[in-house]
1. Would you point out which residue out of A:219, A:141 is surrounded by fewer than 19 Cβ atoms within 10 Å (Cβ to Cβ) and under 30 Å from residue A:55 (Cα atoms)?
2. Answer with yes or no whether residue A:2 is in contact with a helix residue (DSSP H, G or I) (Cβ under 7 Å, 6 or more places away or on another chain), of a type outside the set (D, E, K, R) and either part of a strand (DSSP E or B) or within 14 Å of another protein chain (Cβ to nearest Cβ) (or both).
3. Yes or no: residue A:45 in contact with a Lys or Arg (Cβ under 7 Å, 6 or more places away or on another chain), in a strand (DSSP E or B) and among the charged types (D, E, K, R)?
4. Just to check your reading of the model, which residue among A:73, A:44, A:56, A:65 is in contact with a Leu (Cβ under 6 Å, 6 or more places away or on another chain), in contact (Cβ under 8 Å) with a residue 24 or more places away in the chain and more than 16 Å from residue A:104 (Cα to Cα)?
5. Return only the number of the condition from (1) assigned to a loop (DSSP other than H, G, I, E, B); (2) farther than 24 Å from residue B:71 by Cα that residue A:76 does not satisfy.
6. Within the set of pairs 6 or more residues apart or between chains, which connect a residue that is on the phi < 0 side of the Ramachandran plot inside segment A:197-223 to a residue that is among the basic types (Lys, Arg) and loosely packed, with under 15 Cβ neighbours inside 10 Å with Cβ atoms less than 9 Å apart?
7. Would you pick out the residues in segment B:14-32 that are over 10 Å from the mean Cα position of the chain (by Cα) and either more than 14 Å from chain A (Cβ to nearest Cβ) or of a type in the set (S, T, N, Q) (or both)?
Amino acid sequence: MARSPQDNTNFASSMIARMTEAVQRVEIVTPYSFLVHTEKFPPARVGVLSINKVEASDVQRLLDADPRVEFIANIPKVGVWQGSAIHLLQEKGIAFGPVKHLMGAISGRRDEEPLNDYEHAETKYFKTILSQHKNLHHLVRVTDLIYEFHRKNGEPLLIAGLNDYELTGVMIRAAVAQHGHASIIFATNPNGGPTPEAYDAANSMGIELYDQRNDFYRRLHTP
Amino acid sequence: MSVPQLLQCLAKVIELTEASVSNARWFGFGSFFLSTKHFSDVDLLFVCATQEDGILIHQLCRELWTEWPVDLLIMTEAEEANTSFIVKWGCIPLIGGIPHWRGSQGACGLP
């Protein structure tokens, strides 16, 4: 079912309009974008996509329609942001994520700054963990969940961070089907963890699965 | 694109999967089903006997998770039993097409 950009923008903006504690009203300004009016802060300008795999060309198409957006929201929760799209968004200084993250950005707003710098807590947490490792040379983002971890000592590793509260066998397989193969998966949700079936599924695909930071960190030192 | 269309898509998927996998159970939880204000995504749980069934279902309901703000969790019965997920999260059973809770509770009852 192909929907028009206007349909997508109407739907996403209606979700935001229901946040009545934080939002006064929404105003659609282009088929791809809308303004979020709040009592305390200047309006936030939001772009909307609805794509299973977001490429740089999708981001560019939206920016051609509205170059002033601060945040681009993608309607499918599990939509993949490809590295090329993330690179372009970072270059332009635009925040991105599913509608849930947009809601977090709006409700968590504490000052007049635009939403451009917003990063969801789980993304920030995983990036921090990777960035703080002593064996890191540099990181390359492959998708929103997968990083190429280039090491000072050792071959590069493809590492995925999955934040599912209950990480099951089927969800491991689904993540690999959506995002592509990883050599290591780190379960980042401290309140939950992988099921025994998740370990079996990862193992059967040749993927190492960790849920303890110490074990994961040790692995990044191992050739 | 609207909440009623989302519910229609969900009902279609439930019907399709119930015909394809025996002893399959769908549940809803989270803000869409339990909060009367807004929702950030539609949390769905599918419980089935085997991982193979789960993978089949994940493919069959592709339209649901590629086009809507849906967070789909698929568990085997053993995984659900070990985690008590249904009780822990107050999951609501979704049975036969348009679920019975429609309009009675949750953000899903909104126009």
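No lab work stands behind these numbers, since they all come straight from the coordinates. Since the structure is predicted, the reported quantities are computational estimates derived from the model, not experimental observations. Counting neighbours? That spans all protein chains shown, and the Cβs are built from the backbone with ideal geometry, glycine included.
1. Working: A:219 fails: under 30 Å from residue A:55 (Cα atoms).
Answer to the selection: A:141.
2. For residue A:2, the condition - in contact with a helix residue (DSSP H, G or I) (Cβ under 7 Å, 6 or more places away or on another chain), of a type outside the set (D, E, K, R) and either part of a strand (DSSP E or B) or within 14 Å of another protein chain (Cβ to nearest Cβ) (or both) - is not met.
3. Taking the combined requirement at face value, the residue satisfies it.
4. Checking each option against the conditions leaves just A:56.
5. (2)
6. As it stands, the answer is A:217/A:134; A:220/A:134; A:221/A:134, since those pairs meet every condition given.
7. Matches in segment B:14-32: B:15, B:16, B:17, B:18, B:19, B:20, B:22, B:23, B:31.
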